[in-house]
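First the structure, then my questions, so here it is.
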Amino acid sequence: MKEISITEAKNSFTHLVHQAEQGESIHLMRRGKAVAVILSEAQYRQLTASPKSVWAAIKNWREQVDFSGIELTDREIDSWRERSPGRDFAWES
């Protein structure tokens, strides 16, 4: 993450756009406070792509994560399960 004042950014805007295209985000600063960010189009689309459901978000995440090399047995997964009895519950009428 690069930080640069707005004044400096004005003088080197083309260079900053090239850096953003390479995947670097540039934070524009005014009086030491970040006020804007320059992002690549790909980064912007990724941030603004809103999944329509939780399931869509999970599918999107699964497509982006590399799960190769992770091997879990049924016994390992079953060991994560909570074994304590549930709490008492009654519907109020």
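Mind listing just one residue for me: the one in the range 57-93 that is over 28 Å from residue 20 (Cα atoms) and small (Gly, Ala, Ser) and, of those, modelled with the lowest pLDDT? Walk me through it before giving the result.
Narrowing the range 57-93 to residues over 28 Å from residue 20 (Cα atoms): 67-93.
Among the residues that remain, those that are also small (Gly, Ala, Ser) are: 68-69, 79, 84, 86, 90, 93.
Details: 68: 85, 69: 86, 79: 91, 84: 88, 86: 85, 90: 87, 93: 69.
Among them, the one singled out is 93.
Condition first: farther than 29 Å from residue 3 by Cβ, free of Cβ contacts under 8 Å to residues at least 24 places away in the same chain and not in a helix (DSSP H, G or I). Can you find one or more residues in the range 23-40 that meet it?
Scanning the range 23-40 turns up no residue that is farther than 29 Å from residue 3 by Cβ, free of Cβ contacts under 8 Å to residues at least 24 places away in the same chain and not in a helix (DSSP H, G or I).
Specify the residue that is nearest to residue 9 (Cα to Cα); the eligible residues are those in the range 35-80 that are more than 28 Å from the chain's Cα centre (by Cα) and among the charged types (D, E, K, R).
Filtering the range 35-80 for residues more than 28 Å from the chain's Cα centre (by Cα) gives 73-76, 78-79.
If we keep only those that are among the charged types (D, E, K, R) too, we end up with 74-76, 78.
Details: 74: 55, 75: 56, 76: 53, 78: 55 Å.
Per the criteria, the residue is 76.
Of the conditions (1) aliphatic (A, V, I, L, M); (2) surrounded by fewer than 11 Cβ atoms within 10 Å (Cβ to Cβ); (3) modelled with pLDDT under 90, residue 35 fails just one. Which one is it?
(3)
The values are calculated or read from the model by the stated rules, or taken from the named source; none is laboratory data. Values in this document were obtained by computation on a predicted structure and should not be read as measured data. Cβ coordinates were reconstructed from backbone atoms using ideal geometry, including for glycine residues, and neighbour counts include every protein chain displayed.
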